[in-house]
1. Fewest Cβ neighbours within 10 Å first, please rank A:D220, A:D162, A:D75 accordingly.
2. Report the local net charge at A:N22: Lys and Arg +1, Asp and Glu -1, summed over other residues whose C-beta lies under 12 Å from its C-beta.
3. Report the full-extension gain for the segment B:V275 to B:V260: residue separation times 0.36 nm, less the Cα-Cα distance, to one decimal in nm.
4. Per q in 0.09, 0.14 1/Å, what log10 I(q)/I(0) does a Debye calculation on the alpha-carbon atoms of the range A:3-235 return?
5. Using a 10 Å cut-off around each Cβ, can you sort B:T178, B:T259, A:T222 from fewest to most neighbouring Cβ atoms?
6. Separation of the range B:168-197 and the range B:107-156 by C-alpha centroid, Å?
7. For helix A:140-153, report the angle its Cα long axis makes with the longest principal axis of the Cα atoms of chain A; keep it between 0 and 90° and round to the nearest 10°.
8. Count, for each residue of B:166-179, the Cβ atoms from other chains sitting within 10 Å of its Cβ, then give me the mean as a whole number.
Amino acid sequence: MTMLLEADNITAGYGAVTVLRNLSLHLSDNESIGLFGPNGHGKTTLLMTISGLVRPSSGSIRYDGVDITLNRASDIGAAGLAHSPQGNTLFGEMGVAEILELSAFTRRAKVQRKTQMERVYSLFPRLAERQKQLARTLSGGERQMLSIGCALMCAPRLLMLDEPTLGLSPKLKEELGIAVADIAKSGTPLVVVEQDVQFLLSLTDRLYMIEHGEVVREIDRTDAPDHAEIMKLYFGGDSDD
Amino acid sequence: MTEAMIATILSGLVLGSLYAMMASGLSVVWTTLGVFNFAHGALMTLGAYVAWTISEYLGLGLAAGMVAGTLAAALAGIVIERLLVRPFYTNRNMLLITVMTTLAAMIIIEKGTQVIWGPRLKQLPRIADGELFIFGSAISVHEALIVLIAPVTLIALWAFTARTLTGRSLRAAGQNQTAAALIGIHVPHAYGLAYALSAGLAGFTGVLLGSIRFLTPTLGSEPLVKAMTVVILGGLGSLGATAGAAFVIGFLEAFLVLTVGLYWTPSLLFLTMIVVLIFRPNGLFGGRS
Ligand SMILES: Nc1ncnc2c1ncn2[C@@H]1O[C@H](COP(=O)(O)OP(=O)(O)OP(=O)(O)O)[C@@H](O)[C@H]1O
Ligand SMILES: [Mg+2]
């Protein structure tokens with residue numbers, strides 16, 4: 001089994017604040033993983049570090065067998081490691097179709113532009129109905145769809161989604177879940193950050209629980225904990241403090 | 001219509017065209033980098049002087065001078081971006097700092113042209129000689145050509161930023177650096193390119209202006225203030241609004257020169273800008289507030 005992504009002993013943060021502490025995780029070529037854990041414990045920081053938006057102070061990141069620890073964010077994106085960031089506001093003054101076209105910016109993405117565009121519109125018919133609408137006028141759910149759509153336009157080898165259903169109604173959450181499952185089924189490995197463990201278990205093969213910038217537990221879908229146990233995972237730590 | 005009226009309209013058209021070209025260059029840098037480039041006028045001056053050297057001093061013709069002036073200004077723009085703007089991208093006070101650094105660039109270029117080319121007045125030749133008569137008012141063929149070149153340049157600029165992938169990447173980098181980087185746009189390149197494009201446009205405009213006025217180290221600085229008025233009045237954004245505002249200012253200036261004279265015209269232009277901004281905070285064409 002070849003590794004698509006390996007983060008090894010990552011320490012990273014913002015200025016004097018350390019957020020990630022010796023964090024390691026991996027993802028093989030044919031699986032998807034989920035990340036969950038309390039708010040503010042470093043999930044978003046981890047994805048940003050992998051994408052090259054935050055520089056780790058130590059540790060290394062390998063993607064597709066290549067060390068990308070110190071690569072530029074734009075080069076990492078160009079290599080097919082796509083990232084739909086949390087609360088992505090995209091390009092407010094541009095229209096939906098224009099943003100999607102532009103997102104196939106790199107050479108490897110350009111050749112797949114037409115097919116990916118059709119794919120995005122069939123996954124998210126609401127976007128197809130709003131091709132001319134400016135991104136800043138989209139609803140939260142529509143913006144989430146556009147953000148995932150942009151990441152798909154990059155022709156991803158690996159797709160990282162940071163809380164794709166944050167703040168969405170249960171109905172829309174289900175709709176998005178179906179679309180994300182569809183993406184996974186088509187063979188694109190995913191890294192999904194979510195608070196809802198059941199939701200993650202339905203989409204991915206393995207979960208990492210992240211607390212205080214460390215992996216505190218690894219969960220396999222085949223021996224997943226039940227609801228009560230998950231609640232204990234979330235709240236159990238607090239009662240120890 | 002009286003002859004004076006027609007002359008005013010023609011003069012307004014020429015002024016509006018020049019302001020539109022200047023303001024659109026300013027607006028390219030503003031919308032991508034969020035920097036108000038005070039060196040824009042000095043880059044016009046530089047373009048005009050380099051064009052003069054190639055065209056008149058070396059005798060290689062105005063076309064060669066035009067190309068050289070445009071390229072020299074673009075190159076200077078790249079240098080300014082690299083040395084005086086890029087170091088401050090991540091600074092919280094970037095807007096204020098770059099006001100100072102681009103003002104410094106303006107002064108350096110102004111003094112530099114004085115040292116290199118000396119104080120003697122120079123002038124560039126016109127693109128074409130002769131005059132046209134429109135309802136009895138004369139306009140030089142050169143000025144008529146400026147009136148034609150301006151919209152062509154603006155449409156080309158619009159087509160580049162709105163229709164090409166590279167042009168779109170500049171707008172994207174201006175609107176959201178992080179999202180732009182994630183789709184593979186190297187943001188510093190985009191910024192450098194935007195600066196080069198804007199500066200090249202400044203150089204080209206400077207060459208056109210250098211055949212109407214005498215070349216002095218401050219050739220571009222006086223119209224720069226008007227162009228900034230235009231950018232603000234247009235609502236700091238779309239090229240169409242900027243062009244519209246340029247002609248409003250151009251016509252207004254021509255009309256004020258005719259009625260109240262040169263002395264009070266600049267003050268009244270500023271007053272107009274302030275009054276417009278009180279009632280339309282987002283500019284003439286800026287939409288709702
Ligand atoms: N730009 C920044 N500068 C300083 N501190 C930051 C910055 N961004 C995040 N942090 C801090 O880093 C910590 C981890 O934040 P992060 O966004 O990675 O958490 P998260 O696990 O994604 O949380 P959530 O579930 O709420 O999205 C938080 O304490 C946060 O305040
Ligand atoms: Mg987060």
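Every read-out reported here was derived from the displayed coordinates using simple, explicitly stated rules and does not represent laboratory data. Keep in mind the model is a prediction, meaning the values are calculated, not measured. A quick note on method: Cβ atoms are made from the backbone with ideal geometry, for glycine too, and the neighbour counts reach across all protein chains shown.
1. A:D220, A:D75, A:D162
2. -1
3. Working it through step by step, the gained length comes to 3.5 nm.
4. Debye curve over Cα of the range A:3-235, log10 I(q)/I(0) at q = 0.09, 0.14 Å⁻¹: -0.35, -0.88.
5. Neighbour counts put them in this order, fewest first: A:T222, B:T259, B:T178.
6. 33 Å
7. 80 degrees
8. Per-residue shielding by partner chains comes out at 5.
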